[in-house]
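Just below is one structure, and these are the notes that go with it.
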Amino acid sequence: MAFTLPDLPYAHDALAAHGMSAETFEYHHDIHHKAYVDNGNKLIAGTEWEGKSLEDIITGTYQAGSVAQNGIFNNASQHWNHMQFWEMMGPNKTAMPSELEKAITESFGSVDKFKEEFGAAGAGQFGSGWCWLVKDKDGALKVTKTENGVNPLCFGQTALLGCDVWEHSYYIDFRNKRPAYLTNFLDNLVNWENVTSRL
Ligand code: FE2
């Protein structure tokens, strides 16, 4: 099935009061995410991947070794990453559900320590990429960082939370201050109920 650009789950200006402007969403969702969808569809047409699930395309083309497969991987994974990212944020700041708080505390010692580790992973990702809270194959929660479009699916992990640290995600609102963008993301933008539903 061809990729399609989903609508944002909220209005473009819904997070403006929380540090992510309508202008950022106009570029990030309407232009950047759309380009991954359009380019992915062009590259996949007529290949063995046409009609396959998005997850199968991502895991099947990751490090497959050819330029053509790399192009499909980059666009397919970025399409998946951005769909998760929009859902992982929300305009209604909610408390972290106790189930998630317990799991995070068991793995990191405290919610603050988790936030510190997550922020450090995002700030420390050299160049474009993502930082993640994942549930690993053994059930443990871990913080990871990935380059470009690589995501937890590539490693058999479940993505609980991901933050886009490509410059297009923060430069309009935070200029070069990626750590401030990450702090704001964790404190004001995350939909913790969505994160908990992925456990
Ligand atoms: Fe992005």
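Scan the range 57-64 and tell me whether some residue there is of a type in the set (A, V, I, L, M, F, W, C), open to solvent by less than 70 Å² (accessible area, probe 1.4 Å), more than 16 Å from the ligand (Cβ to nearest atom) and free of Cβ contacts under 8 Å to residues at least 12 places away in the same chain. Looking for residues that are of a type in the set (A, V, I, L, M, F, W, C), open to solvent by less than 70 Å² (accessible area, probe 1.4 Å), more than 16 Å from the ligand (Cβ to nearest atom) and free of Cβ contacts under 8 Å to residues at least 12 places away in the same chain, one finds at least one in the range 57-64, hence yes.
Rundown of residues vs (1) within 16 Å of the ligand (Cβ to nearest atom); (2) in contact with a His (Cβ under 6 Å, 6 or more places away or on another chain); (3) open to solvent by 50 Å² or more (accessible area, probe 1.4 Å), yes/no style:
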{"residue": "A103", "(1), (2), (3)": "no, no, no"}
{"residue": "F114", "(1), (2), (3)": "no, no, no"}
{"residue": "G129", "(1), (2), (3)": "yes, no, no"}
{"residue": "D136", "(1), (2), (3)": "no, no, no"}
{"residue": "F185", "(1), (2), (3)": "yes, no, no"}
{"residue": "S197", "(1), (2), (3)": "no, no, yes"}
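A103 - would you say it is part of a helix (DSSP H, G or I), touching a residue at least 60 places away in the same chain (Cβ under 8 Å) and within 19 Å of the chain's Cα centre (by Cα)? It is false that A103 is part of a helix (DSSP H, G or I), touching a residue at least 60 places away in the same chain (Cβ under 8 Å) and within 19 Å of the chain's Cα centre (by Cα).
Scanning the range 96-148 for residues that are closer than 17 Å to T158 by Cα and hydroxyl-bearing (S, T, Y) yields a total of 3. Residues considered: L186, L160, L141. Of these, the only one that is farther than 30 Å from D56 by Cβ and touching a residue at least 24 places away in the same chain (Cβ under 8 Å) is L186. Considering (1) open to solvent by 50 Å² or more (accessible area, probe 1.4 Å); (2) assigned to a helix (DSSP H, G or I); (3) away from the ligand (no atom under 13 Å from the Cβ), the lone condition that I172 does not fulfil carries the number (3). From the list A95, A68, A121, A76, the lone residue that is under 29 Å from T24 (Cα atoms), of a type in the set (A, V, I, L, M) and open to solvent by 50 Å² or more (accessible area, probe 1.4 Å) is A95.
The values are calculated or read from the model by the stated rules, or taken from the named source; none is laboratory data. All values derive from a computational prediction rather than experimental measurement. Heads up, the Cβs are rebuilt from the backbone with ideal geometry, glycines too, and the neighbour counts pull from every protein chain shown. Heavy atoms of the whole protein, side chains included, go into the accessibility calculation; ligands, DNA and RNA do not. Shrake-Rupley method; radii C 1.70, N 1.55, O 1.52, S 1.80 Å.
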